[in-house]
Amino acid sequence: MKRIGQFILYALLIIIAGTTLTPLVWMISASFMPAGQASTFPPTFVPERVTFEHYVSLFTRLNLARYLFNSTFLSIAVTLVSLLINSMAGYAFAKYRFKGRDSIFKLLITSMVIPAQVTMLPLFLMLNKMGLINTYMGVIIPGMAGIFGIFLIRQYALSIPDSLIEAARIDGASDFRIYWFLILPLCKPILITLAIFTFMGTWNDFLWPLVVMTDDSMYTLPVAIANLSGEHVQDTELMMAGSVITVAPVLILFSAVQKYYISGIMAGGLKE
Amino acid sequence: MRSSSEIRTALFFLAPALAAIGVFFFIPVVAAFIMSFTDFDIYSLGNWRYARFVGFKNYIQLFEDPLFWKALKNTLYFLVVGGPLSIAVSLAAALLLQSPLVRFKGFFRLVYFAPVITTLVAVAVVWRFIYHPRFGVLNYGLSLVGINPVDWLGDPNWAMPAIIMMAVWKNFGYNMIIFIAGLQNIPKELYEAASIDGADRVHQFTSITLPMLAPTTLFVTIITVIGYFQLFAEPYVMTQGGPLNSTLSIVLLMYQQGFRWWNMGYSAALAFVLFAFILVASLLQTRMQKQAGRL
């Protein structure tokens, strides 16, 4: 009886795993197929001969190196800037007492229900007036500070004992030194989690870069892939190679740091 | 005694975040609200003064626009069918992975979670080929069990189900993790006590697991509803809203009106309708949560 139960369990688990992996495996496999093989019937899963021609033409004929750079640079920049700004604010909300603190914090949390799409049109006009459309700043500026990030860091910083901060203060440490040399190291786990969330969020973001990056040379990978997939509808293998390059960096990053990512989701899920 | 200097330092730490959120979030929200009562269009782009107040004209026009109703219907279809489906798959996967009979849990969890990490645009491109009527893997698989080929993205009846299937594939791993966390929080003693009382598995599931999981389920429902209302990249990449507008979503319509036709006043009104729906949905669900808490 237990044997049968176990068999059914594994059968279900493997079916789900197969369904989950098939599109990704096919994407990788098709990216190495000679041109045209993916458009044959019946569909094949193994390349007739392994070719790197699509990867080569993405980097030589098409501008993929540039898109890869744009995505990498923007994801790192947004992550670093927002980590600094959010951690400063999260620390202040957790450890300083001042009038209006709780009402400001409450206002921020409440406004998390407003979807980002609402701000898009005026934000576009503002950045247009500032001459920041089609620039890196156009993506970095709206990502500089985030309410969710401030919230995560505040919750974490609340658990730091006041006595530690007091002791540092008695030793003559300035407020900034306390933040930089005491608080930030203590908040390391949540900072890593938030950094991964921000990096992946920026890397995978589509709608805002689509709106703000109007020139081909400024496209991020998702915008470039969406654009290419319209022009190269028939070049299945080429598009699969482009998808692999877009997906691979985040998948590799994730498998290296999955512990932090998963614990971040669990922290978010349990707070309710 | 330290209070005035404490305020100053607090302000120093808060200023960058509050300034950024104020200028690049709160001001745009207010501006979008004002904009939704103007006829802001391509001529106003050069000079904002050309925009005039038109009262509720955009909102009235919106409710008379068959395309808006189409987009709303499609978005609700995606939400009402895709949401519960994705939550059910998440819960099923979490329960399977919680079974004491299963080994290699970490491996399966990693595999199930992989699509969550992937870039939506890139996997949407992949799925477009999986759904290919002649060469696609899906139709081939169906043909093996004797099902005739379906023109997934070319048939107005099948395009939205196809997008839903892809979204469930992409998203279920996220909620699965939250469900696993919720399941781990249920005290083991409850199950022990129940099995001493002679309750079978099914009974334990309906009288312990499901009620204890209710707060988690509610949280998962809220984030799923909010996320699914914002459907955009899937139809943008896979169908451009077609065929026959059968996958046109509210955000896609908003994008087209705002950034393709530069009808920004109209698009801003659409954004606020979207906001209203999300607000009502989250208020309803938090109220349910409070009522459930009182029981």
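The values are calculated or read from the model by the stated rules, or taken from the named source; none is laboratory data. Every value quoted in this text rests on a predicted model; they were computed, and no experiment measured them. Neighbour counts run over all protein chains shown; Cβ positions are idealised from the backbone, glycine included.
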By residue number, the members of the stretch B:251-266 that are at the interface with chain A (Cβ under 9 Å from one of its Cβ atoms) and either within 21 Å of B:W158 (Cα to Cα) or surrounded by fewer than 20 Cβ atoms within 10 Å (Cβ to Cβ) (or both) are B:V251, B:F259
Test B:D151 against the criterion of being at pLDDT 90 or above and more than 14 Å from chain A (Cβ to nearest Cβ), and give yes or no. yes
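Looking only at the stretch A:1-58, count how many residues are assigned to a loop (DSSP other than H, G, I, E, B) and closer than 17 Å to B:F129 by Cβ.
Going through the stretch A:1-58, the residues assigned to a loop (DSSP other than H, G, I, E, B) turn out to be A:1, A:32-36, A:40-52.
Keeping just the survivors that are closer than 17 Å to B:F129 by Cβ gives A:32-36, A:40-47.
Qualifying residue count for the region: 13.
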For the stretch A:144-161, the count of residues that are surrounded by fewer than 22 Cβ atoms within 10 Å (Cβ to Cβ) and outside any helix (DSSP H, G or I) equals 4
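Report whether or not B:P84 is out of contact with any Cys (no Cβ under 6 Å at 6 or more places or on another chain), farther than 22 Å from B:I226 by Cα and away from every other protein chain (no Cβ under 11 Å). Lay out the reasoning, then the answer.
Working: out of contact with any Cys (no Cβ under 6 Å at 6 or more places or on another chain): yes; farther than 22 Å from B:I226 by Cα: no; away from every other protein chain (no Cβ under 11 Å): yes.
Spelling it out, it is not the case that B:P84 is out of contact with any Cys (no Cβ under 6 Å at 6 or more places or on another chain), farther than 22 Å from B:I226 by Cα and away from every other protein chain (no Cβ under 11 Å).
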Scanning the stretch A:220-268 residue by residue, those in a helix (DSSP H, G or I), touching a residue at least 24 places away in the same chain (Cβ under 8 Å) and surrounded by fewer than 18 Cβ atoms within 10 Å (Cβ to Cβ) turn out to be A:L253, A:V257, A:S263, A:A267
Original post:
facing chain B (nearest Cβ under 8 Å), closer than 23 Å to A:V223 by Cα and either in contact with a helix residue (DSSP H, G or I) (Cβ under 8 Å, 6 or more places away or on another chain) or in contact (Cβ under 8 Å) with a residue 12 or more places away in the chain (or both): does that describe A:N70?
Top reply: no
Selection from the stretch A:171-223 of residues among the basic types (K, R) and more than 22 Å from A:A145 (Cβ to Cβ) yields A:R177
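Pick from A:T60, A:T119, A:T72, A:T44: which is over 30 Å from A:M213 (Cα atoms) and of a type in the set (S, T, Y)?
Details: A:T60 fails: over 30 Å from A:M213 (Cα atoms); A:T119 fails: over 30 Å from A:M213 (Cα atoms); A:T72 fails: over 30 Å from A:M213 (Cα atoms).
From the options A:T60, A:T119, A:T72, A:T44, the qualifying one is A:T44.
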Listed by first then second residue, the pairs whose first member lies in the stretch B:214-230 and is under 15 Å from A:M266 (Cα atoms) and more than 8 Å from chain A (Cβ to nearest Cβ), whose partner is assigned to a helix (DSSP H, G or I) and aromatic (F, W, Y), with beta carbons under 9 Å and at least 6 positions apart or on separate chains, are B:T217/B:F179; B:I223/B:Y174
Of the conditions (1) facing chain A (nearest Cβ under 7 Å); (2) touching a residue at least 40 places away in the same chain (Cβ under 8 Å), the single one that B:A269 does not satisfy is (1)
In the set A:L13, A:L24, the lone residue that is at the interface with another protein chain (Cβ under 9 Å from one of its Cβ atoms), more than 25 Å from the chain's Cα centre (by Cα) and buried (at least 19 other Cβ atoms within 10 Å of the Cβ) is A:L13
Condition set among the small types (G, A, S) and surrounded by fewer than 24 Cβ atoms within 10 Å (Cβ to Cβ), scope the stretch B:87-105, selection nearest to the other protein chains (Cβ to nearest Cβ): answer is B:S99
Scanning the stretch B:31-70 for residues that are farther than 22 Å from B:V251 by Cβ and of a type in the set (G, A, S), the one modelled with the highest pLDDT turns out to be B:G55
| request: Would you mind stating whether A:S87 is at negative phi, buried (at least 22 other Cβ atoms within 10 Å of the Cβ) and small (G, A, S)? | output: yes
Of (1) more than 29 Å from the chain's Cα centre (by Cα); (2) within 14 Å of chain A (Cβ to nearest Cβ), B:F108 satisfies every one except (1)
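Select from the stretch A:120-131 the residues that are more than 12 Å from B:M254 (Cβ to Cβ) and touching a residue at least 12 places away in the same chain (Cβ under 8 Å) and list them in ascending order. Outline the logic, then answer.
Step one: list which residues in the stretch A:120-131 are more than 12 Å from B:M254 (Cβ to Cβ), which gives A:122-131.
Result: A:L123, A:F124, A:L127.
So, in the stretch B:113-135, of the ones that are out of contact with any Asp or Glu (no Cβ under 8 Å at 6 or more places or on another chain) and among the small types (G, A, S), which residue ends up surrounded by the most Cβ atoms within 10 Å (Cβ to Cβ)? Outline the logic, then answer.
First, pick out the residues of the stretch B:113-135 that are out of contact with any Asp or Glu (no Cβ under 8 Å at 6 or more places or on another chain): B:113-119, B:121-123, B:125-132, B:134-135.
Now drop any that are not among the small types (G, A, S), which leaves B:114, B:122.
On the way: B:A114: 18, B:A122: 27.
Restricting to residues being out of contact with any Asp or Glu (no Cβ under 8 Å at 6 or more places or on another chain) and among the small types (G, A, S), the top hit is B:A122.
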Using the structure shown, decide if B:L231 is in contact with a Phe, Trp or Tyr (Cβ under 9 Å, 6 or more places away or on another chain), modelled with pLDDT of 90 or more and not in a helix (DSSP H, G or I). yes
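Residues checked against (1) under 27 Å from the mean Cα position of the chain (by Cα); (2) among the charged types (D, E, K, R); (3) over 18 Å from B:A271 (Cα atoms):
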{"site": "B:F37", "(1), (2), (3)": "no, no, no"}
{"site": "B:Y43", "(1), (2), (3)": "no, no, yes"}
{"site": "B:R49", "(1), (2), (3)": "no, yes, yes"}
{"site": "B:V54", "(1), (2), (3)": "no, no, no"}
{"site": "B:L101", "(1), (2), (3)": "no, no, yes"}
{"site": "B:A114", "(1), (2), (3)": "yes, no, yes"}
{"site": "B:T118", "(1), (2), (3)": "yes, no, yes"}
{"site": "B:V123", "(1), (2), (3)": "yes, no, yes"}
Among residues of the stretch B:179-200 being farther than 29 Å from A:I265 by Cβ and outside any helix (DSSP H, G or I), the residue nearest to the other protein chains (Cβ to nearest Cβ) is B:D200
From the option list B:F53, B:F24, B:F68, single residue qualifying as under 24 Å from B:I278 (Cα atoms) and either surrounded by fewer than 19 Cβ atoms within 10 Å (Cβ to Cβ) or facing another protein chain (nearest Cβ under 8 Å) (or both) is B:F24
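Just give me the residues in the stretch A:103-119 being within 20 Å of B:F232 (Cα to Cα) and more than 7 Å from every other protein chain (Cβ to nearest Cβ), in sequence order. Reasoning before the result, please.
Residues of the stretch A:103-119 within 20 Å of B:F232 (Cα to Cα): A:112-119.
Listed by number, the residues that qualify are A:M112, A:A116.
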Being among the polar types (S, T, N, Q), surrounded by 16 or more Cβ atoms within 10 Å (Cβ to Cβ) and within 25 Å of B:L270 (Cα to Cα) narrows A:T119, A:T110 down to just A:T119
